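The values are calculated or read from the model by the stated rules, or taken from the named source; none is laboratory data. Quantities reported herein were computed from a predicted structural model and do not represent experimental measurements. Virtual Cβ from ideal backbone geometry, glycine too; neighbours counted across all protein chains shown.
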Amino acid sequence: MKRPTAIAVLCLLLPLAALAQTAKKPPARKPPAQKQPANPSASESTDPSTSAKTGQSGTAAAPETATAQGTGASSTRSSAQEGKPSAAQLDPEEFRKQVMEEVRRELQKAKEDMEKQTTWIEQDSAARVQDSEAVEQLRQRVNVFQPHGYLRLRGEFMNNFDLGRGNDPSGHPIFVTPFIGLGGNHSLSMANMRFRFEPTFEISEDLAIYTQFDILDNVLLGSNPQTDPFLNPFTPLSTLSSTRLADNVKVKRVWGRVNTQLGEILFGRMGYHWGLGILHNDGNCLDCDFGDTYDRVAFQPREIKGHTVSLMFDVLSKGAFTTGDFGELGRSVDADTLDDGYRVAVAVTKLDTPEVVKRKLDAGEWVVNYGLLADLRTQSWDTVTTLPNGGDVGTIAGIGSARAGVVRRGAKFYQPDVFLSLKRKRWRLDAEIAATIGNVSSIAAREPGPGADPNLSRAIAFTQFGGALQTDVAFLPADALLFGVDFGAATGDKGAYGFGARPWRSGSGNFQPVPNAPGIAPYQVAGPGDLDGNHIDISSTGSHDHVNNFVFNRAFNVDMILFRNLVSAVTSAWYLKPSLRYRPTGRKTGGGDDTGFELLFSLMYASAWYQENTPGLKKPLGIEMNVGITYDTSDRFHTGLAYGLLLPLDGLNTPRIAGVVQRDVGIAHAARFIFAIPF
């Protein structure tokens, strides 16, 4: 309403101002000459050119008879000036000045109104862009059913992953090798798919149910063919198969959230991620294969000065249980609580929302986020290793017989973890340090019993540390180019052989004592030159009663060949990996849109801490180069192609020990593609 009024006033005043500027002041009219009377009356008197008293130009002194009349005239003029004078009564020059001043005020007022409206429009537009994600979340919360997840198809080509080195002294190859063995074939190719469905049910603003289903979970393309005898009554012909056998749907996670006045309550089977993910990793990335899942009840009170406190109680294992003789109990009933495994944890975190992070970065402020986690895991007794079907004793009567397979475990572990995240303008740094410290009273699969080797009851100590750091800085407009450096380290186990990522593997080292029980065969720990195996050596000639190698979560991927496939996890080693990422269209952090092509390049060097932890009995492991290209569309379709090359160093060579055939290791190659539709 203010803008039209101002414009109307301007339209009326501008012509008047122009008229005032062009009007000329009329010349003063001279009165006709008149003869002065000898004694003029007051009404006939004229202004003399010179005062009779002072001799200056001005008004002559009036006689007293005229004072009363002059006073009355002055009073009349004063009353007339109190009202608004007309244009005719004002001097034209003064009138012009007043009009121009009024025009100036109206123009200034209109300008201020325009600036206010322009500022409001800019702020509104910025708010719409900044809060687009918040608006999307609000829209999602209105919907009771919210489908999420992804469909993924991955293909892989592997060449010379066995490095041409043959088996280690324990008889294990470094990776899967073609078994038909015609023509020196060292290549493998395959593709797999997964449909992950994660629907959310928003019952109300304070109640929600979250789920995760994996349909065709990493199913190998071409697996489970339905084949009928074709060539003869006993021999099918798979190449003519046109049908796949049905696969099961895996229900991995279902949990609920209740929002109360005191805080949030979480309960159910849920994923868990902490920091960078070297200790706890939920595996919710497009290229992940693993992920942590816990049966948990948790409580998160309201924020305290920007900090969130989480109290967690996890049931890790329940040991023996039963459903009754014929399932008449209607549910699984725990047979004993002493063989249960539990985890209690307290976490304190400070995490800014994406909107707050963007606002701080735009203002040139520091973004500091961090978290501290304290875990305690305990298990007094153990029966899971001796019971079939995950601990189901079958019938109520069978519970008593399960006592013969019980062993005192006495396990207690502390797992502290801390992470730090720093951001400033175009620079980012994320770091995490974790530890596992604890002990186990017995490693026996069953109670040793009388006459058993006393070393079976020897306590085993665990002292493990791991850490990872990721940092990058953006260059070019819209943060198109990222230069990053990744560093990670996991402690090794001095005096033990093998990496320690597969402790269940029998090696070529000393034979270990076992309980005097049927069905338990002696086994060997890892020996010199073994790729992997068990590190605990409690034999009469061994003295390794501790495990110090930290194992990164297998969902934490740093490469394509060495740690992801050959070693299977980062352990007993450290790595340094500089990288470059270039996206011509820019990134959201710099005002881009995260769509279009992106080029990736990285070069990693890896080495072991102790030479005895490697199959080549040398510290240097290898140099791996990864290059790739990805493409993302605005409707979230993602595809990519990557190539990896591993140059193995002495740590992956064949060891120079008696009985081992010396072979020259070769370069390993990998190629991967991915099609994914996240939603």
### Query
If you go through the range 651-664 one residue at a time, do you hit one that is more than 26 Å from the chain's Cα centre (by Cα), assigned by TED's automatic domain parsing to the domain that holds residue 492, surrounded by 14 or more Cβ atoms within 10 Å (Cβ to Cβ) and over 24 Å from residue 184 (Cβ atoms)?
yes
### Task
Output the number of residues of the range 340-362 satisfying the condition of being within 18 Å of the chain's Cα centre (by Cα), part of a loop (DSSP other than H, G, I, E, B) and buried (at least 16 other Cβ atoms within 10 Å of the Cβ).
1
### Task
Starting from the range 169-180, keep only residues that are within 17 Å of residue 528 (Cβ to Cβ) and in the same structural domain as residue 663 (by TED's automatic domain parsing), then list their pairs with residues that are in a loop (DSSP other than H, G, I, E, B) and aliphatic (A, V, I, L, M) whose Cβ atoms are within a distance under 9 Å, requiring at least 6 positions of separation or different chains.
169/657; 169/660; 170/526; 170/531; 172/531; 174/163; 174/531
### Summary
Conditions (1) over 21 Å from residue 473 (Cβ atoms); (2) modelled with pLDDT of 95 or more; (3) not aromatic (Phe, Trp, Tyr) -> residue 580 fails only (1)
### Message
When you check residue 313 against the structure, is it more than 23 Å from the chain's Cα centre (by Cα), assigned to a loop (DSSP other than H, G, I, E, B) and in the same structural domain as residue 568 (by TED's automatic domain parsing), yes or no?
### Response
no
### Message
For the range 470-511, give me the residue count where each residue is surrounded by 16 or more Cβ atoms within 10 Å (Cβ to Cβ) and out of contact with any strand residue (DSSP E or B) (no Cβ under 7 Å at 6 or more places or on another chain).
### Response
7
### Task
Would you point out the residue of the range 130-177, among those that are loosely packed, with under 14 Cβ neighbours inside 10 Å and assigned to a loop (DSSP other than H, G, I, E, B), that is modelled with the highest pLDDT?
147
### Task
Determine the pairs where a residue that is more than 24 Å from residue 414 (Cβ to Cβ), located within the range 350-375, has a partner that is small (Gly, Ala, Ser) and assigned to a helix (DSSP H, G or I) with Cβ atoms under 9 Å apart, the partner being 6 or more residues away or on another chain.
353/134; 354/134; 355/134
### Message
Return the residues of the range 596-621 that are crowded, with 17+ Cβ neighbours inside 10 Å and closer than 18 Å to residue 640 by Cβ; say none if nothing qualifies.
### Response
598, 600, 602
### Query
Does residue 555 fit the bill of being closer than 14 Å to residue 492 by Cβ and small (Gly, Ala, Ser)?
no
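Consider the range 541-562. How many of its residues are touching a residue at least 60 places away in the same chain (Cβ under 8 Å) and outside any loop (DSSP other than H, G, I, E, B)?
Residues of the range 541-562 that are touching a residue at least 60 places away in the same chain (Cβ under 8 Å), as a first pass: 545-562.
Those left that are additionally outside any loop (DSSP other than H, G, I, E, B): 546-547, 551, 562.
Of the residues in that region, 4 qualify.
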### Query
Looking at the range 363-401, which of the residues that are at pLDDT 90 or above and out of contact with any strand residue (DSSP E or B) (no Cβ under 7 Å at 6 or more places or on another chain) is nearest to residue 323 (Cα to Cα)?
365
### Task
Would you mind stating whether residue 534 is in contact (Cβ under 8 Å) with a residue 24 or more places away in the chain and more than 30 Å from residue 419 (Cβ to Cβ)?
yes
### Message
If a residue must be at pLDDT 95 or above and closer than 18 Å to residue 561 by Cα, how many such residues does the range 653-679 contain?
### Response
8
### Summary
Note on residue 565: of the conditions (1) assigned to a strand (DSSP E or B); (2) touching a residue at least 60 places away in the same chain (Cβ under 8 Å); (3) not aliphatic (A, V, I, L, M), unmet is (1)
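For the range 556-574, what are the residues that are among the small types (Gly, Ala, Ser) and surrounded by fewer than 21 Cβ atoms within 10 Å (Cβ to Cβ)? Walk me through it before giving the result.
Applying the first criterion (among the small types (Gly, Ala, Ser)) to the range 556-574 yields 568-569, 572-573.
Correct list: 568 only.
Could you please find all residues in the range 178-189 being of a type in the set (Gly, Ala, Ser) and either within 24 Å of residue 499 (Cβ to Cβ) or assigned to a loop (DSSP other than H, G, I, E, B) (or both)? Don't jump to the end; show me each part of the working.
In the first step, residues of the range 178-189 are kept if they are of a type in the set (Gly, Ala, Ser); the result is 181, 183-184, 187, 189.
Result: 181, 183, 184.
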#### Entry: Long-range neighbours under 9 Å by Cβ, at least six apart or interchain, first residue touching a residue at least 40 places away in the same chain (Cβ under 8 Å) and crowded, with 17+ Cβ neighbours inside 10 Å within the range 288-313, second hydroxyl-bearing (Ser, Thr, Tyr) and assigned to a strand (DSSP E or B)
308/349
### Task
Would you check if there is a residue in the range 267-275 being more than 27 Å from residue 488 (Cα to Cα), in contact (Cβ under 8 Å) with a residue 12 or more places away in the chain and over 22 Å from the mean Cα position of the chain (by Cα)?
yes
### Task
Kindly indicate whether residue 214 is acidic (Asp, Glu), within 30 Å of residue 499 (Cβ to Cβ), touching a strand residue (DSSP E or B) at 6+ places or on another chain (Cβ under 9 Å) and modelled with pLDDT of 90 or more.
yes
### Task
Could you grab me the full set of residues in the range 281-298 that are of a type outside the set (S, T, N, Q) and either part of a loop (DSSP other than H, G, I, E, B) or under 16 Å from residue 154 (Cβ atoms) (or both)?
282, 283, 285, 286, 287, 288, 289, 290, 291, 292
